[in-house]
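The values are calculated or read from the model by the stated rules, or taken from the named source; none is laboratory data. All values derive from a computational prediction rather than experimental measurement. All Cβ positions, even for glycine, are placed from backbone atoms using ideal geometry, and neighbour counts span all protein chains on display.
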Amino acid sequence: MTIWRDFPGAATAPRTDQSVVAIGNFDGVHRGHQQLLAHAGAIGRPVVAVSFDPHPARVFAPDRAPKQLCTLARRVELLKTRGADEVRLLAFTREMAAWSPEEFVERVLVGELRATAVVVGENFRFGARAAGDVETLRRAGEEYGFTADGIDLVGSRDDSDGQADAYCSTLARDLIAAGDLLGAAVVLGRPHEVSGIVRRGDGRGKDLGFPTANVPVDETYAVPPDGVYAGYVVVDGERHPAAISVGTNPTFGGVERRVESYVMDAPGGLDLYDREIRVEFIRRLRGMENFDTVEALVTQMHDDVAAARDVLS
């Protein structure tokens, strides 16, 4: 069977040299993941980050699969910029899920990656029926000649009991769903973002003096609740300050949920049609409203742009 997913930026061939292996879903490559990668790098090089595609939940319970925090391409990019020398994507299937922990170790860690050290989160489970854990890895390491470390991904956000939450993808999703983009940025170590191809909209924004770059919402990704945000549009590596609307445009009876970004340093609009952009959310400004008149909407849009400028300044 195919072990590795063939994807741009991700390696597939068995290694001929030894490696330090970091394993995880790495959704969002948040600060906990970055701690794990840093620990792996302190052990030695090269660091090989092993992730899963699709997410195991999408194989067994797609209706309950968690919202993704970034695209697969962005995950690979972030892993490489946060400490991984090489990225591998396990092509997760039901067949692979049936492997025993011992088979996973023999086929992936020893046979494919020649691991000298393995680093995972302390709650990492693997193999059929999630039978393998960090202690399983340690015992296997004694047999095959690698070390195994389970890392406590401690965060810095205090709950009501004064205890620090662990950095985790679930916490990031919860904060995003609540519209707390500042809190999500603490967990992620960067602004939360969505990516997509700019499509032609209804043209109303341009008619109203606020041309927008429109990206349809992919409901499999974590998108903030409907409302208006201050943030940035990133295209070709360049960040442009923006006022961002998420929703269906209820004043005009819209039905398609979109992320619509007004680029403030290009008031005439940028030619972004059919190009992929990244939209970074910095702070929520207000909820979505249905205005009685177009004039009232335009007045509010001016206020939103002014508020976004103030936040981003």
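Residue-wise test of (1) touching a Cys at 6+ places or on another chain (Cβ under 8 Å); (2) assigned by TED's automatic domain parsing to the domain that holds MET288; (3) at pLDDT 95 or above; (4) under 15 Å from ARG258 (Cβ atoms).
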| site | (1), (2), (3), (4) |
| --- | --- |
| ILE176 | no, no, yes, no |
| GLY179 | no, no, yes, no |
| GLY201 | no, yes, no, yes |
| LEU208 | no, yes, no, no |
| PRO216 | no, yes, no, yes |
| TYR232 | no, yes, yes, no |
| ALA243 | no, yes, yes, yes |
Condition broken by VAL59, with the remaining ones in (1) of a type outside the set (Phe, Trp, Tyr); (2) closer than 30 Å to VAL217 by Cβ; (3) outside any loop (DSSP other than H, G, I, E, B); (4) under 17 Å from the mean Cα position of the chain (by Cα) satisfied
(4)
With respect to the numbered conditions (1) closer than 30 Å to GLY247 by Cα; (2) crowded, with 20+ Cβ neighbours inside 10 Å; (3) not β-branched (Val, Ile, Thr), which one is the sole condition not fulfilled by ASP180?
(2)
Condition first: modelled with pLDDT of 95 or more, surrounded by fewer than 17 Cβ atoms within 10 Å (Cβ to Cβ) and closer than 23 Å to GLU193 by Cα. Can you find one or more residues in region 49-64 that meet it?
no
Kindly list, by first and then second residue, each pair from a residue in region 74-95 that is within 14 Å of ASP53 (Cβ to Cβ) to a residue that is among the acidic types (Asp, Glu), limited to pairs with Cβ atoms under 6 Å and residues at least 6 apart or on different chains.
LEU89/ASP53
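For a quick check of your reading: which strands (runs of 3 or more DSSP E) sit entirely within region 84-156 and have at least 1 residues that are under 20 Å from the mean Cα position of the chain (by Cα) and of a type in the set (A, V, I, L, M)?
On the way: elements: 86-91, 115-121, 147-151.
Those strands (runs of 3 or more DSSP E) span 86-91, 115-121.
Being part of a helix (DSSP H, G or I), charged (D, E, K, R) and under 27 Å from the mean Cα position of the chain (by Cα) is true for just one of ARG309, ARG284, ARG239. Which residue is that?
On the way: ARG284 fails: part of a helix (DSSP H, G or I); ARG239 fails: part of a helix (DSSP H, G or I).
The unique qualifying residue is ARG309.
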Does at least one position in region 188-211 carry a residue that is farther than 18 Å from ASP303 by Cα, assigned to a loop (DSSP other than H, G, I, E, B), within 15 Å of the chain's Cα centre (by Cα) and of a type in the set (Asp, Glu)?
no
